[in-house]
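Derivation of every value follows stated rules applied to the coordinates shown; laboratory data play no part. Just so you know, these numbers come straight off a predicted model, no measurement behind them. Positions of Cβ are backbone-derived with ideal geometry, glycine not excepted, and every protein chain shown enters the neighbour counts.
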Amino acid sequence: MAMNNTFYNEILTDHNMNPIHKHALPDANMSLEGVNPSCGDDIVLSLKVEDGKILDGAYEGSGCAISQASADMMLDLIIGKSVEEAKRLSEIFLRMIKGKVTDAEREELEEAGILQDVSHMPARVKCAVLGWHTMDQMLEDK
């Protein structure tokens with residue numbers, strides 16, 4: 001099912017104009033910078049992880065609409081989840097961006113599922129996956 005473009009743009013714009021998770025996170029115990037040189041996206045992702053659970057998360061930085069909205073939607077999805085669940089959702093997201101995902105899996109991504117269309121825009125793929133890759137790197141050893 002093709003995503004309604006107006007809806008897609010509204011969600012992207014909303015996450016850019018009114019990001020929920022774009023702020024400092026003073027009590028974070030994990031932080032990592034993610035950079036996408038091809039687009040100039042530069043984010044710092046911060047997470048508060050305790051006992052294998054993501055209690056809070058935030059990001060700071062700048063970049064294009066897709067990179068910022070994707071990081072915000074990702075945090076919506078992973079805060080309150082276990083590290084294992086966050087890794088699983090990230091794996092689904094990265095497969096979705098490659099166009100290899102089932103409808104049921106895409107639904108698990110909630111709003112982030114709107115970024116499925118990015119799979120047809122190769123130049124935007126790095127923007128969409130920046131936050132997710134940064135989280136994966138951070139959680140690798142956890």
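Step through the residues of the range 22-38 one at a time and calculate ³J(HN,Hα) from phi using the Karplus curve (6.51 cos²θ - 1.76 cosθ + 1.60, θ = phi - 60°), rounding each to whole Hz and writing x for Gly and Pro.
Each residue of the range 22-38 in turn: 8, 5, 6, 10, x, 9, 5, 10, 9, 8, 8, 8, x, 10, 10, x, 5 Hz.
Length gain on complete extension for the stretch E140 to M17, per 0.36 nm per residue less the alpha carbon to alpha carbon distance?
This chain segment gains 41.2 nm when fully extended.
Read phi for every residue in the range 40-46 and hand back ³J(HN,Hα) as whole Hz from Karplus 6.51 cos²θ - 1.76 cosθ + 1.60, θ = phi - 60°, with x for Gly and Pro.
Values per residue, Gly and Pro as x: x, 6, 8, 10, 10, 9, 10 Hz.
Once fully extended, how much extra length lies between N9 and E110, figured as 0.36 nm per residue of separation less the alpha-carbon to alpha-carbon distance?
Length gained between N9 and E110: 34.8 nm.
Once you have the Cα-Cα distance between D76 and D103, take 0.36 nm times their residue separation minus that, and quote the gain in nm to one decimal.
Gain on stretching D76 to D103: 7.7 nm.
Which angle between 0 and 90 degrees, to the nearest 10, do you get for helix 83-97 versus the longest principal axis of the chain when only C-alpha atoms count?
20
Measuring from label point to label point, each 7 Å out along Cα→Cβ, what is the A65 to H120 span in nm?
1.6
Cα axis of helix 65-78 to longest principal axis of the chain: angle in degrees, 0 to 90, nearest 10?
Helix 65-78 sits roughly 60 degrees off the main axis of the chain.
Against the longest alpha carbon principal axis of the chain, how many degrees, from 0 to 90 and to the nearest 10, is the axis of helix 122-139 turned?
Approximately 20 degrees, to the nearest ten.
What is the set of long-range amide H partners of K53 at a cut-off below 5 Å, with H atoms built 1.01 Å from backbone N?
V83
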